[in-house]
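Report on one structure; see the data block that follows.
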Amino acid sequence: MVKITVVGSISTDFVIETDKRPQVGETVEGKNFSTAFGGKGANQAVAAARLGADVFMIGTVGNDTFAEELQRNLKENQIFLNNVERVTHLPSGSAVITIQDGDNAIIYIPGANNALTPERIAMAREDLKTSDLVVVQNEVPVDAIEELVRVCTEMQVPVLYNPAPARRLSAEAIEKVRFITPNETEFSVLFPGEKMEEVLERYPNKLLVTAGSEGVYYHDGEKVKLVPANKVVPVDTTGAGDTFNGAFAVAWSNGLTIEESIRFGNLAASLSIQKMGAQTGIPTIDEMKGSEKYEKEWHLK
Ligand code: RIB
């Protein structure tokens with residue numbers, strides 16, 4: 001089994017399904033309300049664990065009842081929590097999500113996720129050191145991410161940086177990570193005014209730009225390639241990018257090529273968006289193997 005450490009957010013999603021989003025000053029009637037487990041970090045950890053990796057999570061939750069549920073859910077998904085700390089001064093992270101026609105709009109409130117400090121990263125050094133790959137996104141403070149990249153680089157542990165939601169990171173950290181996986185919006189924040197093709201060429205086999213239902217763009221050292229997404233009718237796209245990142249991490253850590261790992265990630269993402277909720281639809285490895293799109297060459301340790 002490969003070992004993946006995910007550093008990131010652990011949150012509760014408050015999900016509203018609606019046919020219409022309100023304008024300022026307007027009230028509309030929604031169709032449904034539910035709560036679900038979320039947080040980009042937790043979603044990526046759940047994806048990697050369901051797909052067969054040993055997953056260790058580093059993060060912070062509050063000292064409220066949400067925290068108990070969030071931790072219980074991660075444990076039920078076989079994720080190791082010895083580096084998930086409860087902090088007393090902030091509520092657990094949350095997100096308000098509206099779903100309209102299968103697509104989502106999200107307001108994220110970091111809460112306790114913002115208590116992840118560089119010191120806590122340093123304390124998890126031993127777990128990081130033995131990881132095949134470390135995955136991190138932007139729902140935790142930037143100084144913790146930069147310390148993580150520094151520590152992992154020093155220990156020669158590869159880092160997959162998923163810059164979601166969009167925010168700038170130091171050029172030095174960008175140079176050091178093994179993979180960067182922005183979507184198109186995040187790409188334009190990280191590389192303002194630059195042409196995608198040129199930046200892909202500058203970071204061959206490192207920069208993967210996820211383009212939703214189109215697929216994933218990367219440069220293979222010779223040319224820019226699009227690895228097409230699997231066409232499905234989405235029920236809820238929340239967490240599709242997280243599922244892709246978690247699944248890609250598992251596949252690449254298992255020795256699959258970058259292109260195979262993208263196809264593996266695309267398949268997992270296409271299965272995940274066929275159910276409501278960020279984590280509900282994330283497939284297990286058996287569900288992946290049950291798909292006609294699963295490739296027999298994909299051998300996982
Ligand atoms: O990527 C989806 C996630 O982002 C949701 O689960 C929500 O928590 C948001 O922050």
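Bear in mind these aren't lab numbers, they're just calculated from the coordinates by the rules spelled out. These numbers were taken from a predicted model, which means no experiment stands behind them. Don't worry about glycine lacking a Cβ; one is built from the backbone with ideal geometry, like all the others, and counts go over all protein chains shown.
Can you compute the helix-only [θ] at 222 nm over the chain? Use -39500 (n - 2.57) per DSSP H run of at least 4 residues, normalise by all residues, nearest 500 deg cm²/dmol.
One gets -9500 deg cm²/dmol as the mean residue ellipticity at 222 nm.
For the range 66-209, just the Cα atoms, rotate onto the principal axes and tell me the three extents in Å, largest first.
Reported extents, whole Å, longest axis first: 46, 45, 27.
Between THR130 and VAL232, what is the label-point separation in nm under the 7 Å Cα-to-beta-carbon projection?
3.4
Below 8 Å between Cα atoms, with a sequence gap of 6+, how large is the relative contact order for the chain in percent?
18
Is the chain rounded, prolate or oblate when judged by the Cα gyration tensor, a ≥ b ≥ c being the square roots of its eigenvalues, rounded requiring a/c under 1.5 and prolate requiring a/b larger than b/c?
rounded
Under 5 Å between amide H atoms, partner at least 5 residues away or on a different chain: which partners does ASN104 have, H built in plane at 1.01 Å?
Those qualifying (amide H under 5 Å, at least 5 residues apart or on another chain) are THR237.
Pick from VAL55, VAL227, VAL250: which is most flexible by mean-square fluctuation in a GNM of the chain where alpha carbon atoms under 10 Å apart are linked?
Result: VAL227 has the largest fluctuation of those listed.
In straight Cα distance, which lysines are under 21 Å from LYS301, not counting same-chain residues fewer than 8 positions off?
LYS3, LYS129, LYS289, LYS293
As I understand it, the dipole of the chain uses +1 on the Cβ of Lys and Arg and -1 on the Cβ of Asp and Glu, about the Cα centre. Which of HIS89, TRP252, VAL216 lies farthest toward its positive end?
Value: TRP252.
Ordered by packing density, taken as the mean number of other Cβ atoms within 10 Å over each peptide's residues, highest first, how do 113-124, 256-267 rank?
Top to bottom by mean Cβ count within 10 Å: 256-267, 113-124.
Using r as the Cβ-Cβ distance of GLU68 and GLU297, and R0 as 35 Å, what FRET efficiency do you calculate, to the nearest 0.05?
Calculated value: 0.25.
On alpha carbon coordinates alone, what is the Rg over Rh value for the range 152-223, Rh being the Kirkwood radius?
A ratio of 0.95.
About the Cα centre of the chain, how large is the charge dipole given +1 on each Lys and Arg Cβ and -1 on each Asp and Glu Cβ? Please answer in debye to the nearest 20.
With Lys and Arg at +1 and Asp and Glu at -1, about 380 debye.
Roughly speaking, what is the centre-to-centre gap between the range 215-282 and the range 159-185 when only Cα atoms are used, to the nearest Å?
After rounding, the separation between the Cα centres reads 17 Å.
Does the range 200-301 come out rounded, prolate or oblate, given a ≥ b ≥ c as the square roots of the eigenvalues of its C-alpha gyration tensor, rounded meaning a/c under 1.5 and, failing that, prolate meaning a/b above b/c?
Note, shape of the range 200-301 comes out oblate.
With +1 on each Lys and Arg Cβ and -1 on each Asp and Glu Cβ, and nothing else charged, work out how big the dipole of the range 144-301 is about its Cα centre, in Debye to the nearest 20.
Result for the range 144-301 is approximately 200 debye, rounded to the nearest 20.
Please compute the length gained on full extension between ARG202 and LYS223, using 0.36 nm multiplied by the number of residues separating them and subtracting their Cα-Cα distance.
6.4 nm
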